[in-house]
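Trainee: Have a look at the structure that comes next, please.
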Amino acid sequence: FFDYMGEFGTAYAALLKDGVFYLGTNQGLYQAAWQDLNNQVVVKPFRLIPGSEGQVWSLQTIDGTLYCGHNRGLFTVRGNTFQQVNNEPGVWTILPFQKDYLLTGNYNGISIFRRAGNTFSFWKKMELILGSCNQVMIEKDNLLWVNIPKYGLIRFSLNENLSPSERMIFPSTLFKGNAFYLKKEDNGIHL
């Protein structure tokens, strides 16, 4: 599909769930029926979900619920409803952790959410991890990595209270260029 009218802005996240295609942009969260996304269709297939106006950074499905990382916080999306879970600004990334936790990398650190029934509610901010955390990845078990642009990478363990321990800091000066990105492969975490 093409945005000939320039309505979407820049796309940052996309997700297909239950026959609906979600497109997260710097203008908000759009949805369209998957079957309507055909370049031969003349009808405008995308609709902005009300209340989602702003910057969408990430989309993640957890236990059947669609979560949206937004510049205004963490939201759930159900049909055409956009509901705020927490207002910690700038949710770059959403990561399920173990069975009962959810970690979000934000403009200022990492937020931890704890399962309460079928939903998650804010529990606490993670200690010792500050800055704009645009990537959070699990290497294995309780061993995680976080990417903080212009600062570097941090590899750390989470103890039983979900506080970081055994931190290893890799400053950005160790890497060429001013941007780096983590990716997970079968044999571990790579730049």
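The values are calculated or read from the model by the stated rules, or taken from the named source; none is laboratory data. Since we're looking at a predicted model, the values are computed, not measured. Note that each Cβ is placed from the backbone with ideal geometry, even for glycine, and that neighbours are counted across all protein chains shown. With ligands, DNA and RNA removed, areas are computed over all heavy atoms of the protein, side chains included. Shrake-Rupley method; radii C 1.70, N 1.55, O 1.52, S 1.80 Å.
Trainee: Just the residues that are under 17 Å from Asn71 (Cα atoms) and among the polar types (S, T, N, Q), please, taken from the range 82-116.
Mentor: If the condition is that a residue be under 17 Å from Asn71 (Cα atoms) and among the polar types (S, T, N, Q), then Gln83, Gln84, Asn86, Asn87, Thr93, Thr104, Asn106, Asn108, Ser111 are the ones that fit.
Trainee: Confirm whether Leu37 is of a type in the set (A, V, I, L, M, F, W, C), farther than 18 Å from Val91 by Cβ and at pLDDT 95 or above.
Mentor: Considered against the rule, which asks whether it is of a type in the set (A, V, I, L, M, F, W, C), farther than 18 Å from Val91 by Cβ and at pLDDT 95 or above, Leu37 comes out as no.
Trainee: Next up: Give the range 174-189 a look and list any residue that's over 22 Å from Trp57 (Cβ atoms) and open to solvent by 60 Å² or more (accessible area, probe 1.4 Å), or say none.
Mentor: Those that are over 22 Å from Trp57 (Cβ atoms) and open to solvent by 60 Å² or more (accessible area, probe 1.4 Å): Leu174, Lys176, Glu185, Asp186, Asn187.
Trainee: Oh, and also: Those residues that are at pLDDT 95 or above, among the hydroxyl-bearing types (Ser, Thr, Tyr) and in contact with a Leu (Cβ under 9 Å, 6 or more places away or on another chain), I need them from the range 127-182; list them, please.
Mentor: Those that are at pLDDT 95 or above, among the hydroxyl-bearing types (Ser, Thr, Tyr) and in contact with a Leu (Cβ under 9 Å, 6 or more places away or on another chain): Ser157, Ser163.
Trainee: All but one of (1) closer than 22 Å to Tyr107 by Cβ; (2) open to solvent by 20 Å² or more (accessible area, probe 1.4 Å); (3) out of contact with any Pro (no Cβ under 9 Å at 6 or more places or on another chain) hold for Gly24; which doesn't?
Mentor: Status for Gly24: all satisfied but (2).
Trainee: Still on this structure, please answer the following. Report the residue count in the range 106-139 for those that are open to solvent by less than 50 Å² (accessible area, probe 1.4 Å) and aromatic (Phe, Trp, Tyr).
Mentor: Residues that pass the stated criteria total 2.
Trainee: Would you check which residues across the range 156-178 are touching a residue at least 24 places away in the same chain (Cβ under 8 Å) and out of contact with any Pro (no Cβ under 9 Å at 6 or more places or on another chain) and list them?
Mentor: Selection gives Leu162, Ser163, Pro164, Arg167.
Trainee: Assess whether Leu102 counts as being modelled with pLDDT of 90 or more, within 13 Å of the chain's Cα centre (by Cα) and surrounded by 20 or more Cβ atoms within 10 Å (Cβ to Cβ).
Mentor: The answer is yes for Leu102.
Trainee: When you scan the range 55-89, how many residues do you find that are of a type in the set (Ser, Thr, Tyr) and crowded, with 17+ Cβ neighbours inside 10 Å?
Mentor: Going through the range 55-89 one residue at a time, the tally reaches 2.
Trainee: When you look at Ser52, is it under 26 Å from Ile112 (Cα atoms), open to solvent by less than 10 Å² (accessible area, probe 1.4 Å), in contact (Cβ under 8 Å) with a residue 24 or more places away in the chain and among the small types (Gly, Ala, Ser), yes or no?
Mentor: Values: under 26 Å from Ile112 (Cα atoms): yes; open to solvent by less than 10 Å² (accessible area, probe 1.4 Å): yes; in contact (Cβ under 8 Å) with a residue 24 or more places away in the chain: yes; among the small types (Gly, Ala, Ser): yes.
Yes, satisfied.
Trainee: Sticking with this structure for a sec: Residues of the range 140-173 being open to solvent by less than 80 Å² (accessible area, probe 1.4 Å) and of a type in the set (Phe, Trp, Tyr), which ones?
Mentor: Residues satisfying the conditions are Trp145, Phe156, Phe170.
Trainee: So in the range 40-49, with the set limited to residues that are under 22 Å from Thr10 (Cβ atoms) and modelled with pLDDT under 90, which one is least open to solvent (accessible area, probe 1.4 Å)? Please lay out each step first, then the result.
Mentor: Step one: filter the range 40-49 for residues under 22 Å from Thr10 (Cβ atoms), giving 44-49.
After this cut, where a residue has to be modelled with pLDDT under 90 as well, the list is 44-46.
On the way: Lys44: 131, Pro45: 29, Phe46: 13 Å².
Step by step, filter the range 40-49, then rank; the result is Phe46.
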